[in-house]
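What follows is one structure encoded as structure tokens, with my remarks underneath.
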């Protein structure tokens with residue numbers, strides 16, 4: 001949807017290793033978001049971006065950093081992965097005015113930290 | 001802090017029934033409310049978006065209503081089909097576009113053939 005590609009789609013790694021997830025969009029949308037989805041919690045916002053090099057924290061930002069050097073790419077980095085960061089990660093984009101446009105979501109990245 | 005609650009958490013009904021999914025939110029100062037569908041192992045698909053100034057939106061067999069003052073929304077599905085089986089998520093936009101959505105935990109819907 002809206003040309004959003006998340007990579008990798010699945011990843012298994014060990015505690016303490018760095019991990020970077022990539023979100024690529026082809027719609028030239030201004031806003032981009034990273035959410036995590038966990039049983040019992042639903043989707044929660046990690047970080048968001050409102051333009052190139054403009055980012056801010058969401059509800060559950062501890063342990064995560066983001067970067068956006070180009071409109072089309074939004075990277076999420078776990079500097080030192082922990083088991084509590086095992087989750088499904090979704091990227092979303094939003095173009096145009098906020099009130100009348102839906103967010104578009106990628107298919108998610110399933111991340112397991114052992 | 002905005003909180004979104006969806007009731008019921010799970011629902012199983014026979015094919016052909018009309019059904020209602022409920023969503024409530026604690027802060028009525030919203031920009032919009034969105035209903036999404038999520039199939040297992042997949043991302044979210046936007047179904048309907050209701051702006052804060054609107055009362056309802058319709059798409060095919062789906063109708064969503066919004067009562068902002070009471071902090072409630074309903075998603076009505078007419079003549080349910082097995083293909084409607086999925087998890088339905090309600091989300092509100094409270095800040096501007098930069099703030100992201102606040103989601104409920106979803107209603108897991110099963111339509112029995």
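Taken over region B:41-113, the alpha-carbon convex hull comes to 113 cubic angstrom per residue. For a test of the definition: using alpha carbon positions, the gyration tensor, and the 1.5 limit on a/c, classify the protein assembly as shown as rounded, prolate or oblate. Prolate shape, in that a/c is at least 1.5 and a/b is the bigger ratio.
With Cα atoms as the point set, chain A shows a radius of gyration and Dmax of 13.3, 42 Å. For the residues of B:33-44, the average number of beta carbons from a partner chain within 10 Å of their own beta carbon is 4. What whole-number distance in Å separates the alpha-carbon centres of region B:30-68 and region A:5-68? Using only Cα atoms, the two centres lie 23 Å from each other. Per-residue Cβ neighbour counts within 10 Å put A:113, A:46 in the sequence A:113, A:46, beginning with the fewest. Estimated from the Cβ-Cβ distance and a Förster radius of 25 angstrom, the FRET efficiency linking residue B:13 and residue B:67 is about 0.55. As a proxy for reagent exposure, ranking A:76, B:19 by other Cβ atoms within 10 Å from fewest up yields B:19, A:76.
Each reported figure results from applying straightforward, stated rules to the coordinates on display, with no laboratory input. Just so it is clear, the structure is predicted and the values come from calculations on it, not from any experiment. Glycine also receives a Cβ, built like all others from the backbone with ideal geometry; neighbour counts cover every protein chain displayed.
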